[in-house]
Structure formats: structure tokens, C-alpha cells
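The values are calculated or read from the model by the stated rules, or taken from the named source; none is laboratory data. Since we're looking at a predicted model, the values are computed, not measured. Virtual Cβ from ideal backbone geometry, glycine too; neighbours counted across all protein chains shown.
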Amino acid sequence: MLTILGKSDRSSGFCDKASRRSFLQVGGAAMGGLALNQILELQAHAGTGSSNNAIINIYLPGGPSHMDMWDLKPNAPVEIRGEFNPISTSVPGIQICELFPRVAKMMDKFAIIRSLADSDGAHDCYQCMTGRRKSERGPNGGWPSAGSWVSRLAGPANEAVPPNLALMYQTGNRTWGEPGTAGFLGPQYNPFNMVGRKAREKSDNMILQGVTLERLGDREQLRQSMDSFRRQVDRRYASVDSYVSQALGILTDSKLGDALDLSLEDPKIVERYGKSDEKFQRDGAPKMIENFCIARRLVEAGARYVALNYSRWDWHGGDGMNYPRSRQEFPLLDQGLSALITDLHERGLDKHVSVVVWGEFGRTPKINKNNSRDHWPRANAALMAGAIRTGQVVGETNKFGEEPVKRPVKFQEVFATLYHHMGMNAHRDRVFDGSGTPRYPVDAGIEPIRELV
């Protein structure tokens with residue numbers, strides 16, 4: 001396990017005085033305590049994929065309002081249509097919220113699913129990470145997250161970058177910050193989570209002494225620390241097998257660190273994404289919009305799957321913050337998403353990287369007494385981009401946005417679509433669980449969304 005410690009923050013309130021943002025962990029704790037060389041050895045038996053295809057899964061904790069973002073109802077009564085107006089987009093006939101002008105101008109590069117119909121209704125990210133209802137009975141060990149299926153069936157694209165990565169902050173509401181596990185696939189396919197609230201120091205940590213995320217831009221200092229670390233390992237182990245050597249390659253190769261280091265990015269590109277806010281949004285995640293850029297850098301470096309949580313989208317309490325918060329959040333999300341998709345297209349990655357943006361459920365069509373919208377699992381929406389057929393809307397809700405009336409879509413269908421563009425066959429590629437039962441990434445009868453493939 002590798003830890004790059006953040007600089008001391010006496011105001012952080014954490015016992016180790018590490019700041020909330022400034023640490024990086026790779027390895028053991030995220031994978032059930034297995035040594036990285038053991039993980040690599042187990043992954044080697046799974047085979048590796050030959051393409052550089054990848055998935056970026058952007059989770060908006062708390063349930064963003066489909067009614068105010070992607071599925072406005074301007075002809076509905078005032079208690080339903082809300083405060084925002086729809087605007088036309090670059091695709092004739094498609095309209096979205098006026099607070100997403102950048103996305104509107106490039107709607108030909110996006111697809112909207114307006115008819116997600118099977119939201120579980122639970123206030124957590126489980127369904128957005130696995131495609132399955134949390135209440136659903138699963139195999140012993142549990143259902144794997146999407147990233148774990150990708151890691152198991154597609155394998156790594158680059159030996160120096162783990163295939164299944166996460167930028168999922170540990171949130172006050174714990175269930176908004178869980179990237180999922182590998183379930184019955186085994187801990188070797190768990191995600192490498194890069195962020196959290198505090199460093200988890202364990203006795204088997206391999207720590208780069210004196211190097212913080214703030215100093216990753218100092219290439220000479222980083223090189224010296226890596227060289228020192230290698231010498232320490234050489235003294236500690238008389239000999240290493242090929243998997244230990246490969247593990248050390250991941251832990252000390254600069255490729256992963258470089259991908260996380262925005263000081264190596266063109267400042268004009270970073271500026272496109274907007275300015276991050278490191279403060280945690282109550283019990284949700286911080287508004288780290290720059291993580292959208294880091295996600296692009298990670299898949300460009302060789303990651304197969306990157307999941308991230310962004311801000312907090314549960315705004316229906318007594319404070320009545322739905323519309324004021326929307327005016328704060330929508331423009332920054334608009335800027336970050338448009339920058340990410342522009343980046344992918346400029347680099348030719350749009351043919352290889354699929355993007356999905358969603359939350360756990362939608363919002364009530366009728367506005368409550370606090371001028372907000374409550375939880376509503378009967379209708380939900382998602383925004384997709386990248387290696388799919390874009391410039392279209394899939395599905396339709398009724399005139400009040402209450403439920404799908406055309407082309408209802410399940411979460412598993414979204415993942416089947418993402419797996420399809422990874423080159424995975426969700427009905428052929430199987431793995432046996434501990435009881436010897438064959439398991440597949442999606443259930444029988446679930447197919448990719450035909451309009452998008």
C-alpha cells in the first residue's frame with residue numbers, strides 16, 4: 001500500500017492533522033488487506049483486454065432534480081414547472097434548463113435518458129455503482145460494482161495504472177461515498193480509492209516520506225523520494241518475484257502520480273473546468289470540479305473505470321434551498337461537464353471513453369411548501385456522452401414528469417450499454433461465485449440501450 005501524505009492541518013479536526021483533500025492512498029485498505037503483488041497475480045489469471053476503452057461514472061449524491069435539469073415541463077401548472085425555463089440546444093427539438101448553456105451548445109455530444117424507471121429509492125450510491133437495487137438478494141459476498149466487473153473482465157490497460165479507480169470522498173452520509181466492492185469476485189478487484197476524509201495509517205503502509213500532494217509538482221523532489229523508496233525496498237527484500245516487481249512498478253512509477261497532478265496540465269485546460277471548492281457540502285462531497293479533469297487524465301493514463309462523487313444534491317429540507325442551490329450548482333456542473341466532453345473530443349478519446357452522470361432518484365413533480373422537491377424514485381434521468389450515439393433523448397415522462405410513458409430504462413440497461421462499449425459481452429462473460437453459480441454483469445434479458453449503440 002502506498003500513501004502520499006498531505007501537509008499538516010491543525011485546523012482539520014482529525015487526529016492525524018491531515019487535511020481532508022491532501023492525501024492519496026493506493027492499495028491494501030481498499031482491497032481487503034491483500035498485498036498488491038497478490039492482487040496483480042490474481043488479476044493475471046483473469047486475462048487482460050486489448051483496447052483502451054474506459055468508463056467515467058459521475059455520481060451526484062442526494063438525487064438531483066430531473067424536473068429542473070433535463071426534463072423541464074414548461075406547460076405544467078406553476079406548482080410543477082418550477083422557476084427555470086427551458087432553452088433550445090444544438091439539436092433541434094431538445095431543450096434543457098437555461099442554467100446549462102454550455103451543455104446546450106454541444107448537445108450533439110450528449111444523450112439524455114429521461115425515463116430511468118427503477119430507482120430503488122434508497123439514499124445511497126449503490127444502484128449508481130452496481131446497477132442493482134440494494135434490497136435485491138445477491139450472491140454470497142455481494143454484487144460487484146461496475147468497476148470491479150470491468151477490472152475482472154477487461155483487465156488493466158497499463159501495468160502502471162490500476163484498472164478500477166475511484167475519486168469517491170468519504171461523506172458524512174456514509175452511503176454517498178462508497179464506490180462499491182468486488183463482491184463475490186474477490187477483493188483483488190476492489191477499487192483503488194484515491195480520496196477520502198483522512199489518511200488511514202496502517203503498519204504495512206509504504207509511505208513516501210516528505211512528499212505531499214501539494215509537492216507533487218516538484219518533479220526533482222518526487223524523483224528523489226521515489227529513488228529513496230526503491231533503495232529502502234531493495235534493502236528490505238533480498239529478492240522479489242515478478243508480481244512484487246510489478247507492484248513496485250505501480251507504487252513508484254510516475255504515471256499514476258502524473259495523472260493526479262494537475263500542475264502538469266495546461267493551465268488553460270484546467271481553467272476550463274472551473275474553480276473547485278474543497279469544503280464538504282454538509283454530509284455530501286466537496287465541489288471538486290477539477291476531479292472531472294483528473295478523471296480524464298486517469299483514463300488517458302490507462303485506467304479502465306473511474307467513479308467519482310460530486311457535491312451534494314439533496315435540497316428539500318426546511319431551509320427551502322432547492323432553487324438558490326440550483327443557481328449555485330448548475331452553472332459549475334455545466335462548466336465542468338462541457339469541459340470534460342470537450343477534452344475527450346479534442347484528444348480523440350470520445351470514441352473510447354463513455355461518461356454517465358446521474359443520481360440515485362429523481363424529484364417530486366409537485367413543489368413542496370418549502371419551495372423544494374422531495375424524493376421521487378418513480379422517475380429519474382441520466383446524462384451520457386462519449387462512446388455512444390449522442391445528440392438524442394431516450395424515453396419520455398408524462399406531462400407532469402411523474403413517470404415514464406415511453407421507453408422506460410433500467411439502471412442495468414445503462415451499465416449493459418457501458419459494458420458493450422468496453423467490448424464486454426454481459427451475457428457471455430461469466431464468473432462463478434463461491435457456490436459454483438454462474439454470474440453475469442447484468443441479468444438475463446437486460447440488453448444495451450438500442451438507441452445508444
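Would a scan of segment 345-352 turn up a residue that is over 19 Å from the mean Cα position of the chain (by Cα), over 11 Å from D71 (Cβ atoms) and buried (at least 24 other Cβ atoms within 10 Å of the Cβ)? No, that holds for no residue. Here segment 267-288 is the region considered, the condition is being within 21 Å of D68 (Cβ to Cβ) and touching a residue at least 60 places away in the same chain (Cβ under 8 Å), and the residue that is nearest to the chain's Cα centre (by Cα) is A285. Cβ-Cβ contacts under 7 Å between residues 6 or more apart (or on different chains), taken from a first residue in segment 433-453 that is among the charged types (D, E, K, R) to a second residue that is assigned to a loop (DSSP other than H, G, I, E, B), are listed as D433/P139; D433/N140; D433/G141; R439/P139; R439/R430; R439/D433; E451/R389.
Would you mention how many residues in segment 77-92 are out of contact with any helix residue (DSSP H, G or I) (no Cβ under 9 Å at 6 or more places or on another chain), touching a residue at least 12 places away in the same chain (Cβ under 8 Å) and not polar (S, T, N, Q)? Step through it out loud before you land on a result.
Our first condition is that a residue be out of contact with any helix residue (DSSP H, G or I) (no Cβ under 9 Å at 6 or more places or on another chain); within segment 77-92, this holds for 77-79, 85-86, 92.
Applying the additional criterion that residues be touching a residue at least 12 places away in the same chain (Cβ under 8 Å) yields 79, 85-86.
Retained after the next criterion (residues that are not polar (S, T, N, Q)): 79, 86.
Number of matching residues: 2.
Residues of segment 98-140 that are buried (at least 19 other Cβ atoms within 10 Å of the Cβ), touching a Pro at 6+ places or on another chain (Cβ under 7 Å) and more than 15 Å from Q412 (Cα to Cα): L99 alone. Only residues that are more than 12 Å from L165 (Cα to Cα), part of a loop (DSSP other than H, G, I, E, B) and charged (D, E, K, R) were counted across segment 279-313, and they come to 3. Kindly establish whether G142 is touching a Phe, Trp or Tyr at 6+ places or on another chain (Cβ under 9 Å) and touching a residue at least 60 places away in the same chain (Cβ under 8 Å). Considered against the rule, which asks whether it is touching a Phe, Trp or Tyr at 6+ places or on another chain (Cβ under 9 Å) and touching a residue at least 60 places away in the same chain (Cβ under 8 Å), G142 comes out as no. Read through the list (1) surrounded by 24 or more Cβ atoms within 10 Å (Cβ to Cβ); (2) touching a strand residue (DSSP E or B) at 6+ places or on another chain (Cβ under 7 Å), then give the number of the only condition that G401 fails. For G401, the exception is condition (2). Close contacts from segment 118-134, counting a first residue that is in contact (Cβ under 8 Å) with a residue 40 or more places away in the chain and among the charged types (D, E, K, R) and a second that is buried (at least 19 other Cβ atoms within 10 Å of the Cβ) and part of a helix (DSSP H, G or I), with Cβ to Cβ under 8 Å and a gap of 6+ residues or different chains, come to D118/F411; D120/Y126; D120/Q127; D124/W176; R132/Y126; R132/F411; R132/Q412. Scan segment 372-381 and tell me whether some residue there is surrounded by 22 or more Cβ atoms within 10 Å (Cβ to Cβ) and under 20 Å from K109 (Cβ atoms). Scanning segment 372-381, I find at least one residue that is surrounded by 22 or more Cβ atoms within 10 Å (Cβ to Cβ) and under 20 Å from K109 (Cβ atoms), so the answer is yes. Can you pull out the residues in segment 411-430 that are surrounded by fewer than 19 Cβ atoms within 10 Å (Cβ to Cβ) and more than 18 Å from I56 (Cβ to Cβ)? Across segment 411-430, the qualifying residues are N425, H427, R428, D429, R430.
Which residues, taken from segment 289-306, are in contact (Cβ under 8 Å) with a residue 60 or more places away in the chain and among the acidic types (D, E)?
Quick first cut of segment 289-306, residues in contact (Cβ under 8 Å) with a residue 60 or more places away in the chain only: 291-292, 294-296, 298-299, 301-306.
Answer for segment 289-306, where residues must be in contact (Cβ under 8 Å) with a residue 60 or more places away in the chain and among the acidic types (D, E): there is none.
If only residues of segment 314-325 that are assigned to a loop (DSSP other than H, G, I, E, B) and either in contact with a helix residue (DSSP H, G or I) (Cβ under 7 Å, 6 or more places away or on another chain) or surrounded by fewer than 23 Cβ atoms within 10 Å (Cβ to Cβ) (or both) are counted, the one that is modelled with the highest pLDDT is W315. Here segment 369-419 is the region considered, the condition is being basic (K, R) and in a loop (DSSP other than H, G, I, E, B), and the residue that is farthest from K351 (Cα to Cα) is K369.
From the list K351, K366, pick out the single residue that is out of contact with any Cys (no Cβ under 6 Å at 6 or more places or on another chain), within 22 Å of A307 (Cα to Cα) and charged (D, E, K, R). Break it down into steps so the answer makes sense when it comes.
Values: K366 fails: within 22 Å of A307 (Cα to Cα).
Only one candidate qualifies: K351.
Would you mind stating whether A285 is more than 17 Å from P61 (Cα to Cα), in contact with a strand residue (DSSP E or B) (Cβ under 6 Å, 6 or more places away or on another chain) and either surrounded by fewer than 23 Cβ atoms within 10 Å (Cβ to Cβ) or not β-branched (V, I, T) (or both)? Explain how you work it out, then say what you get.
Numbers: more than 17 Å from P61 (Cα to Cα): no; in contact with a strand residue (DSSP E or B) (Cβ under 6 Å, 6 or more places away or on another chain): yes; either surrounded by fewer than 23 Cβ atoms within 10 Å (Cβ to Cβ) or not β-branched (V, I, T) (or both): yes.
Answer is no for this residue.
The set of residues in segment 413-453 that are touching a Lys or Arg at 6+ places or on another chain (Cβ under 7 Å) and of a type outside the set (A, V, I, L, M, F, W, C) comprises R430, D433, P438, R439, Y440, E451. Residues in segment 330-366 that are assigned to a helix (DSSP H, G or I), of a type in the set (S, T, N, Q) and within 20 Å of H421 (Cβ to Cβ): T342 alone. Taken over segment 362-371, the criterion of being within 26 Å of R132 (Cβ to Cβ), crowded, with 23+ Cβ neighbours inside 10 Å and not basic (K, R) is satisfied by G362 alone.
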